[in-house]
Amino acid sequence: MGLLSVSRLDLYLNFEKVVHAHQLETLRSWVKRRISREPPQYITGKTEFFGLPISVDPHVLIPRPETERLIEVTLNMATKTGAKRIVDVGTGSGCIAIALAANLESVGIVAIDNDETVLEVGKKNAELNDVEERISFQKRDVFSDHLTETYDLLVSNPPYISESELDTVMPEVRDFEPLSALTDGEDGLKFYRLFAKKGRTWVKKGGYLLLEVGLGSHPRRVKALFQDAGFENVTVFQDYNGDDRVAAIEVAP
């Protein structure tokens, strides 16, 4: 358990163990924070993604189980294309880049974000999972400081909640997680338009852009956006809830 640094089984087996006063005080503060709807991952500073430990704080988005589907699709595409270089746009906690690095030992990964504080979280998580040697964390804003290299795969979980939808988001998310990681401040398609415009420059021919998409009409709108930009092979994969979750866009050879 997070507070006592023991497993759930150990907690049951040692139920008579005395809890120290400072631990009780910490527990009281945690309860107060949770009552205010603060996410438990921020309270403990820990979560798990794709079977890997990830540290989080309010500067970064909390990794979601649904995003693990993005990892699965990317791993399959990396094998299919023989990918050697992958770029993770908007890396946040680094969870995507780290999960890929942990499963693709011969692939070099560049993880970019426009916030140095966020990048520090990603670097620490890479060290926590012993993959720091295979991930290059770089501060870059893709809207003003475009990528100067090409990659075999581009992967991203960009902010896709539209500004008009923010009021419908649960308080744990809207009031505590970084808004810049949740919404583009527009219609939820700002990053996808950029990827459709620059995809052929940033990704090698025969490579793929692999993007998480939102719920409702969002997957259909993303697919139409890329098709209108001339990308003929656009496939949308479902997550294990049956929701459209990952758009795979081929850069035609």
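When you look at residue 121, is it under 30 Å from residue 243 (Cα atoms) and hydrophobic (A, V, I, L, M, F, W, C), yes or no?
Working: under 30 Å from residue 243 (Cα atoms): yes; hydrophobic (A, V, I, L, M, F, W, C): yes.
In short, yes.
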Worksheet item: Which of the residues belonging to segment 90-117 are buried (at least 24 other Cβ atoms within 10 Å of the Cβ) and either of a type in the set (A, V, I, L, M) or touching a Cys at 6+ places or on another chain (Cβ under 9 Å) (or both)?
Response: 96, 97, 98, 99, 100, 101, 109, 111
Practice prompt. State which residue pairs qualify: first residue under 19 Å from residue 152 (Cβ atoms) and inside segment 224-253, second residue polar (S, T, N, Q) and in a strand (DSSP E or B) in any location, beta carbons under 9 Å apart, and separation of 6 or more residues or different chains.
Written response: 246/235; 246/238; 247/235; 248/235; 249/235; 250/235
Worksheet, complete the sentence: Note on segment 225-253: residues among the acidic types (Asp, Glu), within 21 Å of the chain's Cα centre (by Cα) and assigned to a loop (DSSP other than H, G, I, E, B) are 239, 243
Worksheet, complete the sentence: Restricting segment 60-86 to residues that are part of a helix (DSSP H, G or I) and open to solvent by 60 Å² or more (accessible area, probe 1.4 Å), the one nearest to residue 251 (Cα to Cα) turns out to be 80
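If I ask for residues that are polar (S, T, N, Q) and without any contact (Cβ under 8 Å) to a residue 60 or more places away in the chain, which ones from segment 75-134 would you list? Step through it out loud before you land on a result.
Start the filter on segment 75-134 by keeping residues that are polar (S, T, N, Q), which leaves 76, 79, 81, 91, 93, 103, 106, 114, 117, 125, 129.
Selection gives 76, 79, 91, 93, 103, 106, 114, 117.
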Discussion item. Filter segment 125-170 down to the residues that are of a type in the set (A, V, I, L, M) and either under 19 Å from the mean Cα position of the chain (by Cα) or closer than 30 Å to residue 38 by Cβ (or both) and list them by number.
Written reply: 126, 128, 131, 135, 142, 153, 154, 155, 161, 166, 169, 170
Response to the item:
Scanning segment 138-178 residue by residue, those under 19 Å from residue 200 (Cβ atoms), of a type in the set (A, V, I, L, M) and not in a loop (DSSP other than H, G, I, E, B) turn out to be 153, 154, 155
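If I ask for residues that are hydrophobic (A, V, I, L, M, F, W, C), at pLDDT below 80 and surrounded by 12 or more Cβ atoms within 10 Å (Cβ to Cβ), which ones from segment 25-59 would you list?
Start the filter on segment 25-59 by keeping residues that are hydrophobic (A, V, I, L, M, F, W, C), which leaves 27, 30-31, 35, 43, 49-50, 52, 54, 56.
Narrowing further to those that are at pLDDT below 80: 27, 30-31, 35.
Residues satisfying the conditions are 27, 30.
Of the residues that sit in segment 197-221 and are part of a helix (DSSP H, G or I) and under 19 Å from residue 145 (Cβ atoms), which one is most open to solvent (accessible area, probe 1.4 Å)? Let's see the steps before the verdict.
Looking only at segment 197-221, we keep the residues that are part of a helix (DSSP H, G or I), and these are 197-202, 218-221.
Next cut, under 19 Å from residue 145 (Cβ atoms) only: 197-202.
Values: 197: 155, 198: 52, 199: 0, 200: 120, 201: 80, 202: 2 Å².
So, considering only residues that are part of a helix (DSSP H, G or I) and under 19 Å from residue 145 (Cβ atoms), the one most open to solvent (accessible area, probe 1.4 Å) is 197.
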Response to the item:
Filtering segment 222-249 down to residues that are surrounded by 17 or more Cβ atoms within 10 Å (Cβ to Cβ) and over 27 Å from residue 85 (Cβ atoms) yields 244
Item to complete: List every residue pair whose Cβ atoms sit under 7 Å apart, with the two residues 6 or more apart in sequence or on different chains, where the first one lies in segment 178-198 and is on the phi > 0 side of the Ramachandran plot and the second, anywhere, is buried (at least 17 other Cβ atoms within 10 Å of the Cβ) and assigned to a helix (DSSP H, G or I).
Response: 188/218
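The values are calculated or read from the model by the stated rules, or taken from the named source; none is laboratory data. Bear in mind that the values here come from a model prediction, so they are computed numbers and not experimental data. Quick reminder, even Gly has a Cβ in these numbers, built from the backbone with ideal geometry, and neighbours come from all protein chains shown. Quick note on the areas: whole protein, heavy atoms, side chains included, nothing else; ligands and nucleic acids left out. Shrake-Rupley method; radii C 1.70, N 1.55, O 1.52, S 1.80 Å.
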